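Encoded as structure tokens, the structure appears first; notes follow it.
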Amino acid sequence: MPSLPTDFPQDLPADRLPALLRAMPKAELHMHIEGSLEPELIFALAQRNGVKLAYPNVEALRAAYAFTNLQSFLDIYYAGASVLLTEQDFYDMGMAYLEKAVADNVVHTEIFFDPQTHTARGVHIKHVIMGLHRACLVAEKRWGITSQLILNFLRHLSEDDAWLTLEQALPYSDYFSGVGLDSSEVGNPPEKFASVFAHCKNLGLRRVAHAGEEGPPAYIWGALDLLHAERIDHGVQAVHDAALVQRLKDERIPLTVCPLSNQKLQVFPDLADHNMPQLLAQGLVATVNSDDPAYFGGYVNDNFVQLFAATGMGVREAFQLAANSFEASFVPQERKDAWLSQLQQCFIQAARGA
Ligand SMILES: [Zn+2]
């Protein structure tokens with residue numbers, strides 16, 4: 001497996017690290033497409049579809065993004081998603097994100113989508129999936145970025161609702177690779193969705209789950225044992241349970257961590273206190289992702305640059321995080337190896353480029 005040469009400098013001059021963080025190839029594995037809706041696009045779609053918003057203009061909507069916890073964020077998130085009605089709307093939203101991902105040197109992305117946010121408003125799941133799928137195809141052709149779609153069940157709703165959503169989605173199962181679990185964590189433990197996830201496993205779908213963002217380590221155990229999750233989204237609370245950390249390390253279960261989201265939702269109010277350095281030092285397969293970039297103050301490169309500036313992490317952590325993102329992705333090993341070689345070349349060039 002390609003790695004950094006042993007004589008690779010421990011640190012580049014401080015001003016060159018941000019450029020390397022931006023330039024390095026990376027995969028993004030935790031990004032909710034509805035959370036990439038920028039106020040400008042929300043207003044454009046509202047106008048196209050004749051949807052009336054509770055905010056008079058883009059500035060007022062942006063100002064309303066001053067939420068303080070997961071629930072107050074989710075309230076405005078669902079309000080923003082109300083403008084999405086047609087397949088073209090989902091395509092436009094997908095393309096807007098993918099263009100930004102390409103600009104951040106994301107070579108592969110596994111995009112979360114929340115069908116229940118739309119089907120509850122009378123939107124057919126076909127429009128959701130096929131609009132996003134078309135965006136993925138066009139983006140690959142246009143820019144070379146590869147993508148997969150991961151259907152997320154909303155955990156504040158019932159398991160019956162998740163079953164119904166799965167049934168609606170299965171005719172389009174060629175177009176998504178897995179399922180996940182998101183929305184309000186506390187009070188909605190993984191066991192609530194054990195049977196639908198077991199069924200998804202039998203169907204051959206990949207499984208991920210949000211766990212240990214605000215919820216306790218017990219929710220991470222539950223995601224692993226009851227949902228058969230192959231990746232944990234967030235998972236930063238794992239550090240409070242030594243046995244859990246050991247298991248995540250032994251089984252190389254990735255954590256898709258979202259630093260600016262953690263800061264904005266007060267999981268780590270000061271980014272300097274973020275436990276990413278600790279997660280990496282413990283040998284966990286942690287990654288950096290943007291979660292809901294339009295709402296949390298930045299896309300994946302903003303997450304990298306601000307996290308590194310706040311915590312003082314250096315070149316080796318940068319390489320490790322990008323390498324982890326490839327290891328954690330749901331693609332064949334040959335593609336991971338090719339990306340790792342590309343990553344290694346990028347770092348060698350950066351070291352030479354003094
Ligand atoms: Zn998330």
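Candidates 322, 281: the one that is modelled with pLDDT of 95 or more, surrounded by 17 or more Cβ atoms within 10 Å (Cβ to Cβ) and not polar (S, T, N, Q) is 322.
Determine whether region 229-247 contains at least one residue that is away from the ligand (no atom under 15 Å from the Cβ), under 17 Å from the mean Cα position of the chain (by Cα), surrounded by fewer than 19 Cβ atoms within 10 Å (Cβ to Cβ) and not small (Gly, Ala, Ser). Spell out the reasoning first.
Our first condition is that a residue be away from the ligand (no atom under 15 Å from the Cβ); within region 229-247, this holds for 230, 238-247.
With under 17 Å from the mean Cα position of the chain (by Cα) added as a condition, the list becomes 230.
Filter once more, so that each one left must be surrounded by fewer than 19 Cβ atoms within 10 Å (Cβ to Cβ): 230.
Okay, now just the ones that are also not small (Gly, Ala, Ser), so 230.
Checked against the condition, which is being away from the ligand (no atom under 15 Å from the Cβ), under 17 Å from the mean Cα position of the chain (by Cα), surrounded by fewer than 19 Cβ atoms within 10 Å (Cβ to Cβ) and not small (Gly, Ala, Ser), region 229-247 yields at least one hit.
Could we say that residue 218 is out of contact with any strand residue (DSSP E or B) (no Cβ under 7 Å at 6 or more places or on another chain), away from the ligand (no atom under 14 Å from the Cβ) and more than 17 Å from residue 283 (Cβ to Cβ) here? Yes; evaluated as a whole, the condition is true for this residue.
Only one entry in 185, 191, 167, 140 is within 16 Å of the ligand (Cβ to nearest atom) and among the acidic types (Asp, Glu), namely 185.
What residue, of 151, 181, 205, is surrounded by fewer than 21 Cβ atoms within 10 Å (Cβ to Cβ) and either acidic (Asp, Glu) or free of Cβ contacts under 8 Å to residues at least 60 places away in the same chain (or both)?
205
Yes/no matrix, rows are residues, columns are (1) part of a helix (DSSP H, G or I); (2) within 23 Å of residue 70 (Cα to Cα):
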{"residue": "142", "(1), (2)": "yes, no"}
{"residue": "148", "(1), (2)": "no, no"}
{"residue": "152", "(1), (2)": "no, yes"}
{"residue": "157", "(1), (2)": "no, yes"}
{"residue": "167", "(1), (2)": "yes, no"}
{"residue": "193", "(1), (2)": "yes, yes"}
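Taken as a whole, the condition of being modelled with pLDDT of 95 or more, under 24 Å from residue 70 (Cβ atoms) and assigned to a helix (DSSP H, G or I) applies to residue 304.
From 309, 286, which residue is away from the ligand (no atom under 16 Å from the Cβ) and either within 27 Å of residue 77 (Cα to Cα) or touching a residue at least 60 places away in the same chain (Cβ under 8 Å) (or both)? Walk me through it before giving the result.
Details: 286 fails: away from the ligand (no atom under 16 Å from the Cβ).
Exactly one residue qualifies, and that residue is 309.
Of all residues in region 314-335, those that are under 26 Å from residue 272 (Cα atoms) have Cβ atoms under 7 Å from Cβ atoms of residues that are in a loop (DSSP other than H, G, I, E, B) and modelled with pLDDT of 95 or more, 6 or more apart or on another chain, in 318/24; 322/24; 322/25; 324/254; 324/285; 328/254; 328/285. Taking region 84-129 as the range and being of a type in the set (Val, Ile, Thr), within 16 Å of the ligand (Cβ to nearest atom) and either surrounded by fewer than 19 Cβ atoms within 10 Å (Cβ to Cβ) or outside any helix (DSSP H, G or I) (or both) as the test, the residues that pass are 109, 111. Contact map, region 256-273: residues that are touching a residue at least 12 places away in the same chain (Cβ under 8 Å) and within 21 Å of residue 180 (Cα to Cα) paired with residues that are more than 16 Å from the ligand (Cβ to nearest atom) and hydrophobic (A, V, I, L, M, F, W, C), Cβ distance under 6 Å, separation 6+ or inter-chain. Pairs shown: 259/307. Among residues of region 48-80 being of a type in the set (Phe, Trp, Tyr) and part of a helix (DSSP H, G or I), the one that is surrounded by the most Cβ atoms within 10 Å (Cβ to Cβ) is 77. Taking first residues from region 45-59 that are more than 20 Å from residue 121 (Cα to Cα) and partners that are of a type in the set (D, E, K, R), the Cβ contacts under 8 Å between residues at least 6 apart in sequence or on separate chains come to 58/40.
The values are calculated or read from the model by the stated rules, or taken from the named source; none is laboratory data. The structure displayed is predicted, hence computed values, not measured ones. We place every Cβ from the backbone using ideal geometry, glycine too, and count neighbours over all the protein chains shown.
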